[in-house]
Structure formats: C-alpha cells, structure tokens
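Asker: Structure below; questions to follow.
Bear in mind that the values in this text are calculations on the coordinates, not laboratory data. On a predicted model such as this, the values are computed, not experimentally measured, just so you know. When we count neighbours, we look across all protein chains shown, and the Cβ atoms used for this are built from the backbone with ideal geometry, even at glycine.
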Amino acid sequence: MENFDLTQLRAEFPILNRKVWDKPMVYLDSAATSFTPQCVVDEICRVYNTCKANVHRGVHTLSQEATDLQEATRECVREFINAKSTEEIIFTRGTTEAINLVASSYGEMIENGEEIIVTAMEHHANIVPWQLLGRHKRVILRVVPVKKDGTLDMVTFRSLFNERTKLVAVCHVSNVLGTVNPLKEIIAEAHQYKVPVLVDGAQAISHIKVDVQELDADFYAFSAHKMYGPTGVGVLYGKRSLLKMMPPYQGGGEMIGTVSFKKTTYAELPFKFEAGTPDFVGIAAFKKSIEFMQRWGVERIAAHEKELLEYATTEMEKIPNMKIYGTAPEKSGVISFLIGNEHHYDMGMLLDKLGIEVRTGHHCAQPLMQALKIEGTVRASFAAYNTREDVDAFIAALNRVSAMLG
Ligand code: PLP
C-alpha cells in the first residue's frame with residue numbers, strides 16, 4: 001500500500017519488541033486498548049518536565065502553556081471528527097464517562113414511563129448508565145435484536161418508535177461481532193421522530209473516518225486509549241443545541257460562572273461539563289496520537305486492517321470446528337470465535353503461552369452472550385501495527401492449541 005511502510009510504522013512502537021513467555025509477542029487485543037507510539041509517550045514526559053501547571057487557572061506562563069496545549073487538542077479533535085465548534089468537544093475520562101454524562105444530564109429530561117432504544121450488541125457502558133436512570137423513575141429500555149449474521153434487526157428497530165421514545169443509544173461498531181452498524185440510516189430514522197441518537201464510537205473511531213456532521217449524530221463518545229493515545233482521556237461530542245439545554249453533570253471547579261450560597265451560575269460550553277482538574281497531560285499527548293493517525297491516514301490504516309481481517313477469517317475458516325461469531329458484510333477490526341466445545345479461557349491461556357495475546361470472556365457484553373447462548377468467546381482484534389506474519393503466527397498457534405485441547 002502506498003505510503004504505508006509497516007516496518008517504519010512498527011518502529012514507532014517500542015512495546016512491539018517485547019517477548020511473552022520467551023516468544024515473540026503478537027498483540028491481537030487492540031480493541032481492548034491499543035499500543036501507544038513513542039511520540040505520545042514523549043509528549044507525556046515533555047509536558048511533565050516543562051509545563052505541568054494547572055489549566056485555566058493561572059495567569060502565569062506555565063499555566064498558559066498547559067492551557068494552550070489542552071485547547072490545541074480540543075481543536076485537533078474537532079477537526080478530526082468534523083464537529084462545528086470546539087464548544088461541542090467535552091473531555092471526559094473515556095467512552096464510559098461520556099455515556100454516563102449524557103445519561104445523567106440528558107437523562108434528567110427523560111420522564112417517568114419514557115423509553116430509550118438500545119441494541120442487543122451494546123457494551124455494558126451503553127446499557128448500565130441507562131438502567132441507572134431507572135433508580136429514580138421508570139425508564140424503559142427497548143432492545144433491538146441482533147440477527148444471526150451479527151447485523152441489527154432493522155425492521156424491529158423501526159417498529160420500536162413511539163411518542164414516548166426519548167433517545168436511541170447504539171454502537172458504531174460492535175466490540176464482539178465487529179459489525180459496522182448502518183448509522184446514517186439509524187440516525188435518519190430516529191430524526192424522523194425527532195429523537196436524538198447517542199453513538200458509542202469506542203470501536204469505530206480509530207478504524208473508520210468519522211464525520212459527526214455528515215452522520216448527523218447528536219452525541220458521539222470515544223476513548224483516547226483505543227486510538228493509540230493515553231489512558232484516562234475520552235471525548236463526548238454533542239450538538240451544541242443539546243448541550244446548551246442540558247444541566248451540568250458534575251459540580252466543582254472549572255464548570256462554574258460564579259458561586260455563592262444564594263445562587264451559582266455555570267460556565268459556558270464546553271467547560272460546563274468539565275468539573276475539576278482534567279487529565280491535561282494526557283489530553284495534550286492525545287493530540288500526538290491523533291496526529292499519528294492522520295500521518296498514516298485513517299483510511300489507509302482501515303484498508304490495512306481490512307486486509308488482515310479478511311486474511312485471518314479465510315485462514316480461520318480452514319480450522320475444523322471453528323465457529324466465527326459475526327459475519328456481517330461490513331465488519332471492522334475484530335473476530336470473535338470458538339472452536340468446538342473448547343473453553344475460551346483455556347484457549348486464551350494456551351495462546352498466551354505461545355506469545356499470542358487475545359481477549360477471552362464476555363467482552364462486557366453479557367446480554368449479547370445471552371442472545372448467542374454462549375458464555376464467552378475468544379476475540380482477536382487488529383490495529384495499524386499488525387502484520388500478515390502476526391496472522392500466520394496466530395493461525396499456527398490456534399492449530400496447535402486446537403490439537404492440544406481436542
Ligand atoms: N463501548 C465499547 C463498544 C467498547 O468496546 C468499550 C471498551 O472496550 C467501551 C464502550 C468502554 O470504553 P472505556 O472503558 O474506554 O470507557
């Protein structure tokens with residue numbers, strides 16, 4: 001692929017040189033968290049060593065520099081997802097906190113007996129916050145089923161709307177099945193009923209070019225640590241008109257206009273939703289991870305990952321008793337599978353002994369596991385730095401493990 005020198009790209013990730021059980025390490029768990037290039041680690045060190053002063057709080061030089069770095073990342077994120085304004089970019093601790101923010105703030109405007117549409121393939125982060133709303137009032141979750149191939153049952157989806165529907169909460173890409181959901185169709189349908197849509201973009205943002213205006217998404221949540229970035233940083237994109245209406249999420253420093261015991265006023269967007277000292281060092285370094293993706297090209301990375309996904313799928317299908325969960329025509333990044341009756345933990349542990357790092361278990365999607373009538377799967381996931389040789393090593397290890405267990 002033009003301009004995609006994998007050796008050069010991999011050289012940016014020192015962690016790829018490490019061994020596991022004295023074997024070369026093959027990392028196939030980037031859907032859980034991706035590795036971080038040296039430029040991001042360097043930026044963390046640089047900020048700590050040069051301008052670790054609190055943001056938005058001082059007139060002194062160091063505080064100004066730290067603030068400028070944070071706000072430069074906000075602009076970088078805005079451009080990356082094509083939001084209209086930096087007012088619409090709220091820094092959070094991750095996707096989970098971004099969804100919780102919407103659930104508790106927008107959720108205040110949801111009345112007793114009203115409904116939220118979710119899907120059966122959601123991560124717990126896009127289920128439990130909506131269930132928590134039900135502690136104080138009766139909020140009903142309507143669930144879109146998943147079809148055998150791992151796509152959403154869009155006929156049922158369309159039938160779930162009524163005058164009580166207040167929100168649709170859906171993932172862009174399933175972290176178990178890899179299904180890329182038809183977001184434009186989902187959002188257009190919801191908007192016909194004037195229902196806003198929250199998109200959990202955790203598994204999409206580093207694999208698909210996201211344009212929030214083109215999608216017309218109302219909220220879009222994602223985590224930096226799945227984007228070659230630091231841990232502890234995430235983003236909630238929200239349309240300004242909605243964020244303006246919503247009450248604050250947490251109270252404290254930074255999110256206020258003025259405070260007195262009689263009356264407190266709130267800061268303007270986006271600060272209204274950013275109480276307390278943020279992970280401003282992580283936020284500064286997050287810019288470097290976005291620049292890393294832009295330098296290599298999200299579309300080029302996606303094409304490379306697609307090749308790996310297709311190659312791995314073809315090779316896996318040759319293994320006796322292989323069952324792949326999620327065969328949607330449009331998939332991204334992940335393959336979940338089981339072999340015969342072998343337990344996913346046993347497979348994961350044996351693969352690790354061979355240097356192959358995969359995920360096992362329910363992947364924080366227990367309702368999906370219940371629908372599939374399984375306890376868990378083994379999941380391999382890909383990122384920019386994976387190679388065909390990684391896939392070959394994975395397939396060879398799978399054959400060995402399968403023979404050992406079988
Ligand atoms: N949503 C999806 C689809 C995910 O895959 C994940 C993490 O794996 C999350 C939400 C939660 O992300 P975080 O733990 O970074 O908040």
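Asker: Suppose we keep just the DSSP beta bridges with both residues in the chain; what percent of those would be antiparallel, to 5?
Answerer: Around 60 percent antiparallel, to the nearest 5.
Asker: Let me ask something else. According to the square roots a ≥ b ≥ c of the eigenvalues of the Cα gyration tensor, what is the shape class of the stretch 1-159, taking rounded for a/c under 1.5, prolate for a/b larger than b/c otherwise, and oblate for the remainder?
Answerer: Taking the square roots of the gyration eigenvalues as a ≥ b ≥ c, the stretch 1-159 is oblate.
Asker: Kindly list the residues of the stretch 172-202 that lie in the label zone of ASP216, defined by a backbone N under 11 Å from the point 7 Å along the Cα-to-C-beta vector.
Answerer: Counting only backbone N, you get 184-195.
Asker: May I pose another question? How much net charge surrounds VAL401 when only other residues with a Cβ under 11 Å from its Cβ are counted (Lys, Arg +1; Asp, Glu -1)?
Answerer: -1
Asker: So how far, in whole Å, is the C-alpha centre of the stretch 1-44 from the one of the stretch 131-173?
Answerer: 37
Asker: Now for a different question. Mind jotting down the distance between the C-alpha centroids of the stretch 276-338 and the stretch 50-71, whole Å?
Answerer: Using only Cα atoms to place each centre, the spacing works out to 34 Å.
Asker: Using the crude model of +1 on Lys and Arg Cβ and -1 on Asp and Glu Cβ, and no other charge, please compute the dipole size for the chain relative to its Cα centre, in debye to 20.
Answerer: For the chain, the charge dipole is close to 880 debye.
Asker: Using a/c under 1.5 as the rounded threshold, could you call the stretch 77-201 rounded, prolate or oblate? The axes a ≥ b ≥ c are square roots of the C-alpha gyration tensor eigenvalues, and prolate needs a/b larger than b/c, oblate otherwise.
Answerer: Verdict is rounded for the stretch 77-201.
Asker: A further question on this structure: So, by mean Cβ neighbours within 10 angstrom, what's the order for 251-261, 128-138 with the highest one leading?
Answerer: Answer by packing, highest mean first, reads 128-138, 251-261.
Asker: Going by how many other Cβ atoms sit within 10 Å of their own, how do THR264, THR119 line up, fewest first?
Answerer: Result, fewest neighbours first: THR264, THR119.
Asker: Name the shape class, rounded, prolate or oblate, that the alpha-carbon gyration tensor gives for the stretch 41-294, where a ≥ b ≥ c are the square roots of its eigenvalues, rounded holds for a/c under 1.5, and otherwise prolate holds if a/b is larger than b/c and oblate otherwise.
Answerer: Since a/c reaches 1.5 but b/c is at least a/b, the shape of the stretch 41-294 is classed as oblate.
Asker: Taking the Cβ of each residue in ASP218, ASP22, ASP211, ASP279 as the centre, tally the other Cβ atoms inside 10 Å and list the residues starting with the fewest.
Answerer: The most exposed by this proxy come first: ASP22, ASP211, ASP279, ASP218.
Asker: If neighbour count is taken as other Cβ atoms inside 10 Å, put GLU315, GLU307 in order from fewest to most.
Answerer: By the 10 Å Cβ count, ascending, the order reads GLU307, GLU315.
Asker: Then there's this: How many nm separate the modelled label positions at LYS23 and ALA11, each set 7 Å beyond the Cα in the direction of the Cβ?
Answerer: The modelled label-to-label distance comes out at 2.9 nm.
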